[in-house]
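Student: This is the structure I have questions about; it appears just below.
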Amino acid sequence: MRVIKSLKSWINGYDEVKNLSDELELAFEFVKDEIITEEEVDKLYARAIRKIDDLELKNMLRQEEDQLGAVLKVNAGAGGTESQDWASMLVRMYQRWCEDHNYKVTVTNWQDGDDAGIKTVTMQVEGDLAYGFLKSENGVHRLVRVSPFNAQGKRMTSFASVFVVPLVDDSIEINVDLGSITWDTFRSSGAGGQHVNKVESGVRLHYTHVDEDTGEEQEVVIENTEGRSQMINRENAIRLLKSQLYEIELEKRRAAQAVIESGKKKIEWGSQIRSYVFDDRRVKDHRTNHQTSDVPGVMDGDIDDFIKAYLMEFGGENAPPL
């Protein structure tokens, strides 16, 4: 049923674009006979172009994992309070973007900063194509501003990293050796009332496995503090573990393909994918060179143009044929 739904979506998209194209062709004839106005032709043309753009963007999301939800983790970089405040601003930006696109967001781990902001936050984003869109946010985000935490009012640079992996559902089979899992429990912190501070409901999962390619033993650590009981948090931690193991496998596939395609993508500003320069009113993505002066809009979650620019340039790489 999932395959049928996907194919039907492509057929409907094609039919819609074909109908708009036919209507536009007729409109050119009608305007000559003064049956319709040029303004009406312009509106029909804009509508057809928008639908074609939407279909082209969807064409960039054909990977198996693109259809899934996402696990998004934001970590503050070095820099203390300033970077922790910047990390919290990014968390808010993604929460607003998810709200605008009707995605369900669940915070599974939240660690407050020392004085302000956050040290790390992990969110589950549930909905079709959530990972396909949010994978463009993977990397280091750089902030330049006059810091409100600096008494001299100096311009400061801060960093935060964003890590996005697919949220595995029942359609993806991941084998987990339960005997290789060990657990720690701890008292949760942050929002949630007195309960989280009195009961050891937070869980920390340690999973050791051997990399089949290198033969080296590796450890994955997952923390979950979302639920009010250990049982709920353990179940969700295992789900997050499966998502991370799935991402590890995907990364191997990408690495093999990258050997062939090395040199395609521009590397600028080291590992920084995007710079947010508040004083100059500029946000620039260093991979696509897309930029905007609407800094407040971006920080309120308006990042669709950045996502689209990334997907149109890089999204089709390694995609399976239609």
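Coordinate-derived values only; no laboratory data. All values reported here derive from a predicted model rather than from experimental measurement. All Cβ positions, even for glycine, are placed from backbone atoms using ideal geometry, and neighbour counts span all protein chains on display.
Student: Radius of gyration and Dmax for region 103-174's Cα atoms, expressed in Å?
Tutor: 16.4, 55
Student: For Cα pairs less than 8 Å apart in space and 6+ apart in sequence, what is the mean separation divided by the residue count of region 30-176, i.e. the relative contact order in percent?
Tutor: Numbers: 246 pairs, mean separation 43.2, N = 147.
After rounding, I find 29 percent.
Student: Report the one residue of 55, 27, 41 whose Cα lies farthest in the direction of the positive end of the charge dipole of region 2-59 (charges on C-beta: Lys and Arg +1, Asp and Glu -1; origin at the Cα centre).
Tutor: Checking the options against the dipole of region 2-59, the answer is 55.
Student: Output the relative contact order of the chain, whole-number percent, from Cα pairs under 8 angstrom with separation of 6+ residues. Present the calculation step by step, with values, prior to reporting the outcome.
Tutor: Values: 535 pairs, mean separation 57.5, N = 322.
Reported relative contact order: 18 percent.
Student: Counting other beta carbons within 10 Å of each residue's own, what order do 123, 1, 60, 312 fall into, fewest first? Show your work: numbers first, answer last.
Tutor: Values: 123 22, 1 5, 60 19, 312 16.
Sorted ascending by nearby Cβ count, the order is 1, 312, 60, 123.
Student: Over the chain, with a Gaussian network built from C-alpha contacts below 10 Å, which listed residue (211, 304, 115) shows the highest mean-square fluctuation?
Tutor: For the chain, modelled as a Gaussian network with Cα springs under 10 Å, the answer is 211.
Student: Return the whole-Å distance between the Cα centroid of region 72-88 and the Cα centroid of region 9-32.
Tutor: 48 Å
Student: Continuing with the same structure: With N set to the number of residues, divide the alpha-carbon radius of gyration of region 1-50 by 2.2 N^0.38 Å and report two decimals. If you can, show how the numbers build up before the last one.
Tutor: Values: Rg = 14.6 Å, N = 50, 2.2 N^0.38 = 9.7 Å.
With N residues counted in region 1-50, Rg over 2.2 N^0.38 Å equals 1.50.
Student: Work out the FRET efficiency for residue 49 and residue 144 from their Cβ-Cβ distance, taking R0 = 35 Å, and round it to the nearest 0.05. It would help to have the intermediate numbers written out before the result.
Tutor: On the way: r = 35 Å, r/R0 = 1.01.
My answer for the efficiency is 0.50.
Student: Suppose each label sits 7 Å from its Cα in the direction of the beta carbon; what would the residue 182-residue 99 distance come out to in nanometres?
Tutor: Result for the modelled spin labels: 4.2 nm.
Student: From the convex hull of the Cα coordinates of the chain, what is the mean projected area in square nanometres?
Tutor: Numbers: hull surface 86.5 nm².
Across all orientations, the chain yields a mean hull projection of 21.6 nm².
Student: Let me ask you something else. Rank by packing, highest mean first: peptides 143-150, 292-299, with packing defined as the count of other Cβ atoms within 10 Å averaged across residues. Spell out each step's value before the answer.
Tutor: On the way: 143-150: 16.1, 292-299: 14.1.
The densest-packed peptide leads the list: 143-150, 292-299.
Student: Now, a different point. If each of residue 302 and residue 23 carries a label point 7 Å out from its Cα toward its Cβ, how far apart are those two points in nm?
Tutor: So the label points at residue 302 and residue 23 sit 2.7 nm apart.
Student: Oh, and also: Mind giving me the FRET efficiency for residue 235 and residue 211? R0 is 30 Å, r the Cβ-Cβ distance, nearest 0.05 is fine.
Tutor: Values: r = 26 Å, r/R0 = 0.87.
Efficiency at R0 = 30 Å is approximately 0.70.
Student: Let me ask another. What's the ranking of 32-39, 202-209 by average number of surrounding C-beta atoms within 10 Å, highest first?
Tutor: Values: 32-39: 10.1, 202-209: 18.1.
Highest-to-lowest ranking by the protection proxy: 202-209, 32-39.
Student: Kindly rank 243-249, 69-75 from highest to lowest mean number of other beta carbons found within 10 Å of each residue.
Tutor: On the way: 243-249: 18.0, 69-75: 23.3.
Output ranking for 243-249, 69-75: 69-75, 243-249.
Student: Alpha carbon centre of region 48-69 versus region 122-160: separation in Å?
Tutor: 25 Å
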